[in-house]
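This report concerns only the one structure given below.
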Amino acid sequence: PEVASVGLTLLGRSADPRAAGILIDALRQHRYPASRIAVHLEHSPLRPAEEYRALLADGDGVVRFWGATLLAQYPDVPWVEAALAGLELDPDARVRKAAVQSLGKVGSGLAASVATRMLKDSASFVRAHAARALGELEHAEAAAAVAELLGDADWWVRTAAKESLEMMGSEVWPVLMRCLDHA
């Protein structure tokens with residue numbers, strides 16, 4: 001394990017394009033903990049966005065999860081927002097969560113539309129991350145939809161909705177007042 005750990009560290013620091021490929025293959029093969037490999041990819045001097053894009057189509061949910069998570073580093077790559085938005089209906093809730101979380105960091109209009117729809121996801125942790133993404137995007141137009149989550153059965157979702165509305169700022173207060181009037 002110590003040798004493998006050193007090897008992962010060296011590959012993660014390497015500027016040789018083959019290093020990223022080796023790490024991505026290791027991620028796909030589950031030879032080492034995926035989170036450990038992803039950390040080395042995240043801090044790598046290489047920027048293999050296209051290789052991460054390919055991970056989104058992998059048959060393994062863990063691999064798709066890490067592909068979506070790693071793409072959060074690429075707000076300036078034009079196709080990233082659409083690629084992440086394509087995971088909105090992924091059968092694995094962990095992948096949907098990673099996608100909406102990354103959309104909150106890299107997206108704009110499409111990201112906000114997807115995150116708004118994901119406020120109704122069947123998985124509470126996906127709803128929570130969708131609310132947070134809308135807050136990060138400062139998408140005040142979604143304030144009413146986020147405010148509905150203040151009554152969610154899951155406390156984590158309620159907390160995320162509150163935090164999201166706080167991130168959106170005082171311009172959403174009139175919307176919140178209308179929501180209270182209709183409650």
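Side notes on the structure shown:
- The value obtained for the chain, namely the Cα convex hull volume divided by the number of residues, is 117 Å³ per residue.
- Each helix, a run of at least 4 DSSP H residues, gives -39500 (n - 2.57); summed and divided by the residues of the chain, these come to -20000 deg cm²/dmol at 222 nm.
- Placing +1 on each Lys and Arg Cβ and -1 on each Asp and Glu Cβ, with no other charges, gives the range 96-140 a dipole about its Cα centre of roughly 180 debye.
- Cα-based equivalent ellipsoid of the range 26-127: semi-axis lengths in Å, sorted from largest, via gyration tensor: 21, 16, 10
- Net charge of Cβ neighbours under 14 Å - reference Glu42; Lys, Arg +1; Asp, Glu -1: +3
- For the chain, built as a Gaussian network whose Cα springs stay under 10 Å, the top-fluctuating residue of Glu138, Glu148, Glu88: Glu148
- Here Met177 sits with roughly 110 square angstrom of accessible surface, probe radius 1.4 Å.
- The range 1-70: C-alpha gyration tensor shape, a/c 1.5 cut-off, then a/b vs b/c: oblate
- For the range 44-110, the share of accessible area belonging to carbon and sulfur comes to 58 percent (1.4 Å probe, ligands and nucleic acids excluded).
- Magnitude of the charge dipole, the range 1-137, Cβ model with Lys/Arg +1 and Asp/Glu -1, debye to 20: 300
- Legend: residues Ser124, Ser102, sorted from most to least accessible area (1.4 Å probe; ligands, DNA and RNA excluded), read Ser124, Ser102.
- Within straight-line reach of Lys162, meaning a Cα separation under 15 Å, sit the following aspartates and glutamates at least 8 residues removed in sequence or on another chain: Glu136, Glu138, Glu148, Asp152, Asp154, Glu171.
- Taking a straight Cα-Cα cut-off under 16 Å and skipping sequence neighbours fewer than 8 places away in the same chain, the lysines within cross-link reach of Lys97 are Lys105, Lys120.
- The chain: most fluctuating residue of Ala115, Ala26, Ala147 per GNM, C-alpha cutoff 10 Å: Ala26
- Surface exposure of the chain, expressed per residue as accessible area with a 1.4 Å probe, stands at 51 Å².
- Spatial offset of the range 43-103 relative to the range 115-150 amounts to 19 Å, using the alpha carbon center of each.
The values are calculated or read from the model by the stated rules, or taken from the named source; none is laboratory data. What you see is a predicted model, and the numbers here were worked out from it, not measured in a lab. With ideal geometry, Cβ positions are generated from the backbone for all residues, glycine too; neighbour counts draw on all protein chains shown. These accessible areas exclude ligands, DNA and RNA; they are computed on the full protein's heavy atoms, side chains included. Shrake-Rupley method; radii C 1.70, N 1.55, O 1.52, S 1.80 Å.
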